[in-house]
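First up is the structure itself, then whatever we jot down about it.
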Amino acid sequence: MSDTILELQPLAPLLLRDGRPFAGGGEESRAQSLPLPLPHTLAGFIRTQLGEGRGLKWRNLSDDALRRELQALHNTPIRALLRRDETFMFPAPLNAVVDKNGQIFRALPAELREGEGTDAPDGLRPLLLTDRDGNAPGDAFKPQGDYRYWPQQAMQTWLLGGIPERLEQISGPPTDERTHVAMNSETGTGDEGKLFTVSYRAFEERREGTYHRWTLRVKTDLQGHIAPLGHLGGERRPVALRDCGNQGQWPNLSTFGELKAALADPNSTRLCFVLTSPALFAGGWKPGWLSLTPEEVQGHSGAGLPAGVRELMAGGARLVGAAVGRRVPVSGWNLRENKPKPVRWAVPAGSVYFLEVPHAFDRQKLLEAWLKPLSDDQEDQRDGFGCALWGVWN
């Protein structure tokens with residue numbers, strides 16, 4: 001077993017349904033696509049390809065043999081990132097606001113003066129906007145959209161407590177909208193007057209005369225070979241897979257410049273993390289592990305806790321603020337019971353959590369938590385829910 005990086009290149013626009021009702025030719029005549037597959041969807045696809053690569057004959061396995069093979073595949077951890085051309089792209093941090101002139105403001109927990117207070121729970125502080133000079137916006141303004149993904153260099157500056165000079169408006173893989181005619185199942189011909197629209201996600205685009213190619217990079221424990229071609233999402237669109245090995249194909253902490261030294265510095269008592277994938281937390285919007293006291297952590301074996309959390313909470317880490325987006329529905333289909341899975345609600349990627357850690361703790365363990373999942377449940381961690389980048393704030 002070894003860590004390896006897989007590159008996924010969709011060969012046609014993908015339909016990644018967002019859970020809203022849809023019936024071609026019916027009352028709900030528009031199917032929307034998510035920008036990217038949810039972690040459990042991608043994990044299921046990768047594990048299927050791993051099984052195909054091992055030559056598993058699903059229909060010929062006995063129930064017990066199938067269960068053993070499925071369990072082994074299910075235990076394979078999956079983590080994914082988006083890439084445009086040769087640059088890794090990260091969900092924009094939700095504490096960043098950009099005005100119409102492209103000026104970037106940063107929201108941080110406010111320092112409350114004597115006599116000031118809020119009715120926020122658990123001592124949380126409100127987030128206030130400032131520019132790179134520490135000044136608040138002069139006038140109210142409407143934030144500009146389409147700054148949904150940031151390149152690695154901009155994210156590096158942000159995680160070090162700075163503000164990038166400028167940002168390119170990048171909204172992710174472009175939408176490819178197509179209109180279809182509903183088919184009559186009895187005659188095999190188009191059903192007159194019944195049109196429906198599908199919004200796909202294309203993974204290539206030409207923008208301002210420049211061609212861009214979007215791919216997904218997946219880090220996993222690879223055993224044996226993987227099938228080089230599979231089908232993902234609605235309408236089973238083809239996706240090519242390539243084994244990139246394990247050298248230089250993943251944004252390790254060492255590639256983020258001074259950030260590693262900042263996180264390792266015992267004087268950096270104000271830490272934050274930014275989600276790179278939707279997270280499923282026991283507390284809804286809040287990680288369940290943030291409710292542990294240092295005493296509870298000391299008596300905890302660490303089993304089931306996300307990487308680095310036991311040491312972080314032993315240092316007395318407490319949440320002082322958060323920028324959390326609108327919840328994301330997570331569902332699917334239960335093949336074993338042949339029925340829909342119950343809906344769960346995930347915290348969206350890009351959400352930011354601000355911590356204060358007053359006591360010393362094992363910083364090496366925090367460094368090892370880089371881009372690893374912070375969800376509370378082990379199964380969700382294996383699926384890649386809640387992967388995060390760590391940074392400092394001031």
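Considering the conditions (1) on the phi < 0 side of the Ramachandran plot; (2) assigned to a loop (DSSP other than H, G, I, E, B); (3) not β-branched (V, I, T), G102 is excluded by exactly one of them, (1).
Of the residues examined, G288 is not one that is on the phi > 0 side of the Ramachandran plot and touching a residue at least 12 places away in the same chain (Cβ under 8 Å).
Which residues, taken from region 153-190, are of a type in the set (S, T, N, Q), in a loop (DSSP other than H, G, I, E, B) and either buried (at least 18 other Cβ atoms within 10 Å of the Cβ) or under 34 Å from the mean Cα position of the chain (by Cα) (or both)? Selection gives Q169, S171.
Scanning region 24-73 for residues that are on the phi > 0 side of the Ramachandran plot and touching a strand residue (DSSP E or B) at 6+ places or on another chain (Cβ under 7 Å) yields one hit, G25.
Scanning region 198-232 for residues that are over 27 Å from P77 (Cβ atoms) and surrounded by 14 or more Cβ atoms within 10 Å (Cβ to Cβ) turns up V198, S199, Y200, A202, E204, E205, H212. Evaluate region 167-181: report whether one residue or more is touching a Gly at 6+ places or on another chain (Cβ under 8 Å) and farther than 16 Å from A96 by Cβ. Yes; the residues of region 167-181 include at least one that is touching a Gly at 6+ places or on another chain (Cβ under 8 Å) and farther than 16 Å from A96 by Cβ. In the set (1) modelled with pLDDT of 95 or more; (2) touching an Asp or Glu at 6+ places or on another chain (Cβ under 6 Å), F361 fails one condition alone, (1).
One residue stands out in region 259-283 among those that are outside any strand (DSSP E or B) and within 18 Å of the chain's Cα centre (by Cα): the one that is surrounded by the fewest Cβ atoms within 10 Å (Cβ to Cβ), namely A282. Within region 81-90, the presence of at least one residue that is touching a helix residue (DSSP H, G or I) at 6+ places or on another chain (Cβ under 7 Å) and crowded, with 17+ Cβ neighbours inside 10 Å is confirmed. Output yes when any residue across region 60-73 is closer than 29 Å to N252 by Cβ, under 29 Å from the mean Cα position of the chain (by Cα) and part of a helix (DSSP H, G or I), and no when none is. Checking region 60-73: at least one residue is closer than 29 Å to N252 by Cβ, under 29 Å from the mean Cα position of the chain (by Cα) and part of a helix (DSSP H, G or I).
If you go through region 118-151 one residue at a time, how many are part of a loop (DSSP other than H, G, I, E, B) and either in contact (Cβ under 8 Å) with a residue 24 or more places away in the chain or on the phi < 0 side of the Ramachandran plot (or both)? So the answer is 23.
Does region 191-198 contain at least one residue that is among the small types (G, A, S) and free of Cβ contacts under 8 Å to residues at least 60 places away in the same chain? Yes, region 191-198 contains at least one residue that is among the small types (G, A, S) and free of Cβ contacts under 8 Å to residues at least 60 places away in the same chain.
When V198 is tested against (1) within 30 Å of K57 (Cβ to Cβ); (2) in contact with a Gly (Cβ under 9 Å, 6 or more places away or on another chain), only condition (1) is not met. Do you know which of the residues in region 105-117 that are part of a loop (DSSP other than H, G, I, E, B) and among the aliphatic types (A, V, I, L, M) is surrounded by the fewest Cβ atoms within 10 Å (Cβ to Cβ)? Step by step, filter region 105-117, then rank; the result is L112.
For region 287-308, a residue qualifies if it is surrounded by 16 or more Cβ atoms within 10 Å (Cβ to Cβ) and not small (G, A, S), and the qualifying residues are P287, W289, L290, L292, V297, H300, L305, P306. Within region 323-363, if we keep just the residues that are free of Cβ contacts under 8 Å to residues at least 24 places away in the same chain and outside any loop (DSSP other than H, G, I, E, B), the residue that is farthest from L290 (Cα to Cα) turns out to be K339.
The values are calculated or read from the model by the stated rules, or taken from the named source; none is laboratory data. As the structure is a computational prediction, the values presented were derived from the model and not from experiment. Neighbour counts run over all protein chains shown; Cβ positions are idealised from the backbone, glycine included.
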